[in-house]
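Quick note: the coordinates plus some simple rules give every number you see, no bench work behind them. This is a predicted model, so every value here is computed, not measured. Cβ: placed from backbone, ideal geometry, glycine included. Neighbour counts: every protein chain shown.
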Amino acid sequence: MAAADAYVTGLEQRVAAGLSPDIRSVASLFVSRWDKAVEKAAPAELRNQLGIAIAQRTYRAYRELLDSSRWRSLQETGALRQTLLWASTGTKDPGVPDTLYVEALAAPETIDTLPEKTLKAMAERGKVDRAMDPGGGNAEKTLAAFAAAGIDIDAVAEQLQVEGATAFVKSWNGLMQRIADKSRAVRCPPGAPDLPLSVGKKRARPKVWPRRSRGRG
């Protein structure tokens with residue numbers, strides 16, 4: 001809801017400033033990570049139910065926002081809705097169907113990013129009987145059961161936020177290092193002295209190394 005409010009507030013500020021509200025955005029919810037986080041603490045009868053319950057509650061809040069007068073006013077200016085995106089929808093527990101989350105999260109105005117394995121499983125044997133309940137279904141009943149079992153949902157949420165941010169920072173840094181390594185490999189063949197990609201505010205000019213002749217002699 002904080003992410004959605006930030007998006008709507010930003011659009012309102014753009015409209016007030018006479019700027020275009022033609023902005024596209026998604027708000028991502030990583031579903032299976034909730035169940036993975038509580039797999040050891042959750043009672044057997046509640047296994048693999050937390051992620052879907054959180055998604056149901058989130059979808060209800062999403063639909064309520066889209067139905068609000070605040071959003072309708074923005075929509076009249078040409079603003080585009082922020083799309084709710086389901087991520088991490090591959091099951092981690094081999095004891096449940098690999099289409100569990102995809103089938104449960106089928107809903108209008110949402111995006112589901114499926115791992116390739118899950119996509120193939122859905123194509124082969126997936127079945128969607130009905131779309132998600134915009135009212136949240138039995139989410140609150142399920143979440144109350146988790147609370148009664150001693151699981152602090154807010155604490156789990158904070159844990160997942162920290163772990164998610166750390167994982168993405170690590171991935172980003174790894175990507176930047178990979179690009180830097182490949183840049184050096186292109187600029188400097190093996191055995192040649194290394195060249196910095198930049199020096200101060202001026203970019204170093206790469207040397208052009210002669211190609212090896214493939215002919216005879």
Cross-chain or 8 or more residues apart, Cα under 21 Å: how many lysine pairs in the chain fit that? Count them up, please. 13
Compute the relative contact order of the chain as a whole-number percentage, counting only Cα pairs closer than 8 Å that sit 6 or more residues apart in sequence. 20
Considering only the chain, what is the antiparallel percent among its DSSP beta bridges, to the nearest 5? 10
Could you pull out every whole DSSP H run in the chain that spans at least 30 Å of Cα extent along its own axis and averages 0.0 or higher on the Kyte-Doolittle scale? none
What does the C-alpha gyration tensor say about the overall shape of segment 1-131? Classify as rounded when a/c is under 1.5, otherwise prolate if a/b is larger than b/c, or oblate. prolate
For the chain, which longest stretch is free of loop sites, where a loop site is one of the GluC sites (Glu not before Pro) that DSSP puts outside H, G, I, E and B and that has at most 16 other Cβ atoms within 10 Å? 110-217
